[in-house]
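**Q** I have a structure I would like to understand better, so I am pasting it below and will then ask my questions one at a time.
The values are calculated or read from the model by the stated rules, or taken from the named source; none is laboratory data. Small disclaimer: the values here were computed from a predicted structure and weren't measured. Note that we place each Cβ from the backbone using ideal geometry, even for glycine, and neighbour counts take in every protein chain shown. Just so you know, the surface numbers come from the protein's heavy atoms only, side chains and all, with ligands and any DNA or RNA stripped out. Shrake-Rupley method; radii C 1.70, N 1.55, O 1.52, S 1.80 Å.
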Amino acid sequence: MSFVWPTSEEIIYRVMRLRRLIAVAVMIPVLVMLGVALVDPMVLSPERATVASMAVALLVVGHVVLFPNVTLETISLSLSVTALVVAMPVIKIVASWAPEMHQTAALVLLVALAVAAMGVLMALLQIALNVLAYAGPTLRLRLKTRLELPCSATVAHRQCALQPQTRRGRVLTGPADENGFFDVAVAANHVQDPENPDQPLIVKVDAKVLTQTEAQHDVMIVLPNGSVTVTSQSFTPTQGGCRVDVIDMPGDFTVGMHALFWITDQQADNLTEMSDIILGQDARANGLAHGVSLLSVAGMIFSPRQPVVNSAE
């Protein structure tokens, strides 16, 4: 899926839903820069550290709003920009070594090289963070979330519960076999084939309903790697509608994956996607947003590809 500019509702939702990511991505550079300013004001003055911290905060919020599905890139961007800000005094010192008439040109050249190096550092940090997030043993922890809906528990159960032979948004399920298992296909808004950007990435899993009542719905999901995830949903009538409680027990989450799931508030985002469908509202969920990243946009700008001729022609 190609890049799509967010609407005002999506901007507000992304800032609210990714508030934890914004807090972490802003906190790290602010602590580093203010710490440098306190330890050695000659390297980075408190005034410049404050201005730089505000600039990094705006940059992080802007990145989250425009690219909501690249969490690790947001963090790596924050770290690399921090390194650039801290290195700026050193760059000025190096530029001062040039003859006086060439110092301005040397500073411009060094800043341009530093920005390019920041891009390389950002890519390397993203790779390192990705390895750290998905490496290590699995950790079984229950993930809980709750959502209030202005509809009956029956409607919420029908729309939220994963069942055979249904279609809900981007989720399509097949018929159950003799053992109760049924196929589940989930369309992700990411490009599967760069040459065919209109074709979404389809994720397929197997599922089986374990318990199904009017107030409870438990499903076992078998992932392609063989790990098992159990999801329990309860539907409680309230005065204004109903309350949906969801408990997930993922079978393949590492410590880093749990951290990413929490920092992006992913479980609540999934419920938001369902609630928007139930209430007939415009889609806001990050799971429905594009998967374009800043690095991919930069790659298209600085290294555009020639159109590929259809081999059948």
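**Q** Could you look through the range 231-279, keep only residues that are of a type in the set (A, V, I, L, M, F, W, C) and touching a Gly at 6+ places or on another chain (Cβ under 8 Å), and pick out the one that is farthest from T74 (Cα to Cα)?
**A** I277
**Q** Residue under question is V155, and the condition is that it be open to solvent by less than 70 Å² (accessible area, probe 1.4 Å), farther than 24 Å from F235 by Cβ, touching a residue at least 12 places away in the same chain (Cβ under 8 Å) and β-branched (V, I, T); does it hold?
**A** no
**Q** Could I ask something else about it? Taking the stated definitions as given, is A83 open to solvent by less than 30 Å² (accessible area, probe 1.4 Å) and over 19 Å from the mean Cα position of the chain (by Cα)?
**A** Answer is no for this residue.
Condition check ((1) more than 22 Å from the chain's Cα centre (by Cα); (2) over 30 Å from S2 (Cβ atoms); (3) basic (K, R)) across all residues:
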| position | (1), (2), (3) |
| --- | --- |
| W97 | yes, yes, no |
| V115 | yes, no, no |
| G136 | no, yes, no |
| C151 | yes, yes, no |
| R158 | yes, yes, yes |
| L162 | yes, no, no |
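**Q** Which one is nearest to the chain's Cα centre (by Cα), of the residues in the range 260-285 that are closer than 23 Å to A133 by Cβ and open to solvent by 50 Å² or more (accessible area, probe 1.4 Å)?
**A** This residue is Q266.
**Q** Just to be sure I understand, how many residues within the range 186-210 are at pLDDT 90 or above and in contact with a Ser or Thr (Cβ under 8 Å, 6 or more places away or on another chain)?
**A** 1
**Q** Here are some residues: E100, E148. Which one is acidic (D, E) and under 30 Å from D252 (Cα atoms)?
**A** E148
**Q** Filter the range 216-232 down to the residues that are surrounded by 12 or more Cβ atoms within 10 Å (Cβ to Cβ) and among the small types (G, A, S) and list them by number.
**A** Scanning the range 216-232 gives S227, S232.
**Q** Next question, about the same structure. Out of the residues in the range 28-53 that are within 30 Å of A285 (Cα to Cα) and in contact with a Ser or Thr (Cβ under 9 Å, 6 or more places away or on another chain), which is least open to solvent (accessible area, probe 1.4 Å)?
**A** P29
**Q** When residues of the range 96-113 are filtered for being closer than 18 Å to A83 by Cα and among the hydroxyl-bearing types (S, T, Y), how many remain?
**A** 0
**Q** Having 2 or more residues that are over 24 Å from P164 (Cβ atoms) is the bar; report the strands (runs of 3 or more DSSP E) wholly within the range 210-279 that clear it.
**A** 228-238, 241-249
**Q** Given the criteria among the hydrophobic types (A, V, I, L, M, F, W, C), surrounded by fewer than 16 Cβ atoms within 10 Å (Cβ to Cβ) and in a helix (DSSP H, G or I), does L141 qualify?
**A** Here the answer is no, as L141 does not meet what is asked.
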